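Notes follow the structure.
The values are calculated or read from the model by the stated rules, or taken from the named source; none is laboratory data. Being a predicted model, the structure only gives us computed values, none of them experimental. Reconstructed Cβ throughout: ideal geometry from the backbone, glycine too, with neighbour counts over all protein chains shown.
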Amino acid sequence: MATWSAPGKVFLFGEHAVVYGKPGVAMAIRPRVSVTVRKSRNPSHARSPYIEECFRSTGVQGSVYIRSQLPSSSGLGSSAAVTAATLAAISDEFGLGFSRDEIARRAHEIERKVQKGRASPTDTYVTTFGGIVLITGDSKRRLPPQNLNLVIGNTLVSHSTAKMVEHVARGRERTPEIVDPILEAIGAVTMRAVKSLNKPQPLGRCMDINHALLDALGVGHPELSKLVLTARAAGAFGAKITGAGGGGCMVALCPKNAKSRVAGAIDATGARSIITTLDTEGIRRE
Ligand code: PMV
């Protein structure tokens, strides 16, 4: 029997623009998914297409047990975490000797296959290696770790990443002269943020600008705007949509002593808060 876990993630900067080759910054967060794999001739496992594909692609059979601290379909990378942890547990239980690089690569292939087309390697890379990662095109670079106090607000409004990506693509076809400069500006804010990662106030301002630009792209939602304004009023340095938008989650950067106040204010609106910080480990044996 082998148990491995993997962390969730948030996009700190650059979502959507990253699809068009601009830089993006994502960060692994503390809530984890933990997966136990046991060799078995009678494979019984949760019927998730990600897990099915982990077994099919490695050609082994076993049973699986999953525990998750991550809400699914909220943009916090739960499917990538399940996939990476399952591959790591399979490799351990069956002695396949996969390296981290191999796990990240296979997990990305599986996400692409299950999601039928576009899945950026961001989620699978960040969950496998942990840390803060700068993504530009095909290149990924780990940035120096920072102790960022984050409060995530889950609107509980369901959304579809594919639809939001499509929405931006349509906007670009219709009015490239408007949408392209917005994507360009998101890239510029991301690069400015990378230089300010250890300065919470300027970093918070970058989040606020990035949020406004995402709204301008049309991937906002009234519930997201409400939570962003609520977090700022409760003392956050800055707040923005995280991930695809149209629902899902927002993230606020907070002074240490304001985390609970921001989380309480988010919960009071009927949304669900998560207080968290950086995970530097990525996949780990339990
Ligand atoms: O909602 P998430 O975390 O899956 O984020 C999607 C991020 C996009 O930039 C919109 C798409 C992508 O694949 O990078």
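Tabulated data for the structure shown
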{"quantity": "Extreme residue, nearest to the ligand (Cβ to nearest atom), among residues of segment 230-286 that are assigned to a strand (DSSP E or B), polar (S, T, N, Q) and out of contact with any Leu (no Cβ under 7 Å at 6 or more places or on another chain)", "calculated": "T242"}
{"quantity": "S99 among the small types (G, A, S) and in contact (Cβ under 8 Å) with a residue 12 or more places away in the chain", "calculated": "no"}
{"quantity": "Hits in segment 232-254 (condition: over 14 Å from L148 (Cβ atoms), hydrophobic (A, V, I, L, M, F, W, C) and at pLDDT 95 or above)", "calculated": "A233, A234, I241, C249, M250"}
{"quantity": "L156 vs. criteria out of contact with any helix residue (DSSP H, G or I) (no Cβ under 7 Å at 6 or more places or on another chain), under 30 Å from P255 (Cα atoms) and crowded, with 18+ Cβ neighbours inside 10 Å", "calculated": "no"}
{"quantity": "Search result, residues across segment 215-229 that are touching a Ser or Thr at 6+ places or on another chain (Cβ under 8 Å) and within 16 Å of the ligand (Cβ to nearest atom)", "calculated": "D215, H221, E223, L224, L227"}
{"quantity": "Of residues in segment 21-50 being assigned to a loop (DSSP other than H, G, I, E, B) and modelled with pLDDT of 95 or more, the one nearest to the ligand (Cβ to nearest atom)", "calculated": "K22"}
{"quantity": "Those helices (runs of 4 or more DSSP H) lying entirely in segment 111-214 with at least 3 residues away from the ligand (no atom under 13 Å from the Cβ)", "calculated": "161-174, 176-195"}
{"quantity": "Of all residues in segment 170-197 being small (G, A, S) and free of Cβ contacts under 8 Å to residues at least 60 places away in the same chain, the one that is farthest from Y20 (Cα to Cα)", "calculated": "S196"}
{"quantity": "Among the residues listed as V10, V82, V18, the single one being within 16 Å of the ligand (Cβ to nearest atom), assigned to a helix (DSSP H, G or I), under 21 Å from M164 (Cβ atoms) and in contact (Cβ under 8 Å) with a residue 60 or more places away in the chain", "calculated": "V18"}
{"quantity": "Pairs with Cβ under 7 Å, 6+ apart, first in segment 114-141 and not assigned by TED's automatic domain parsing to the domain that holds R47, second within 12 Å of the ligand (Cβ to nearest atom) and among the hydrophobic types (A, V, I, L, M, F, W, C)", "calculated": "none"}
{"quantity": "Test set (1) buried (at least 19 other Cβ atoms within 10 Å of the Cβ); (2) modelled with pLDDT of 95 or more; (3) of a type in the set (A, V, I, L, M) - L96 fails condition number", "calculated": "(1)"}
{"quantity": "Any hit, segment 11-31, residues being over 30 Å from G187 (Cβ atoms), among the small types (G, A, S) and in contact with a strand residue (DSSP E or B) (Cβ under 7 Å, 6 or more places away or on another chain)", "calculated": "no"}
{"quantity": "Selected residue (only one of S72, S34, S57 is touching a strand residue (DSSP E or B) at 6+ places or on another chain (Cβ under 6 Å) and not assigned by TED's automatic domain parsing to the domain that holds G238)", "calculated": "S34"}
{"quantity": "Residues that are closer than 15 Å to S5 by Cβ and not in a loop (DSSP other than H, G, I, E, B), drawn from segment 55-78", "calculated": "V64, Y65, I66, R67, S68, S78"}
{"quantity": "Residue count for segment 91-101, restricted to those that are closer than 13 Å to I283 by Cα and either touching a His at 6+ places or on another chain (Cβ under 9 Å) or part of a helix (DSSP H, G or I) (or both)", "calculated": "4"}
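For every residue, the table says whether it meets (1) buried (at least 24 other Cβ atoms within 10 Å of the Cβ); (2) touching a strand residue (DSSP E or B) at 6+ places or on another chain (Cβ under 9 Å).
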{"site": "A216", "(1), (2)": "no, no"}
{"site": "H221", "(1), (2)": "no, yes"}
{"site": "L227", "(1), (2)": "yes, yes"}
{"site": "R232", "(1), (2)": "no, yes"}
{"site": "T242", "(1), (2)": "yes, yes"}
{"site": "G245", "(1), (2)": "yes, no"}
{"site": "C249", "(1), (2)": "yes, yes"}
{"site": "A252", "(1), (2)": "yes, yes"}
{"site": "P255", "(1), (2)": "no, no"}
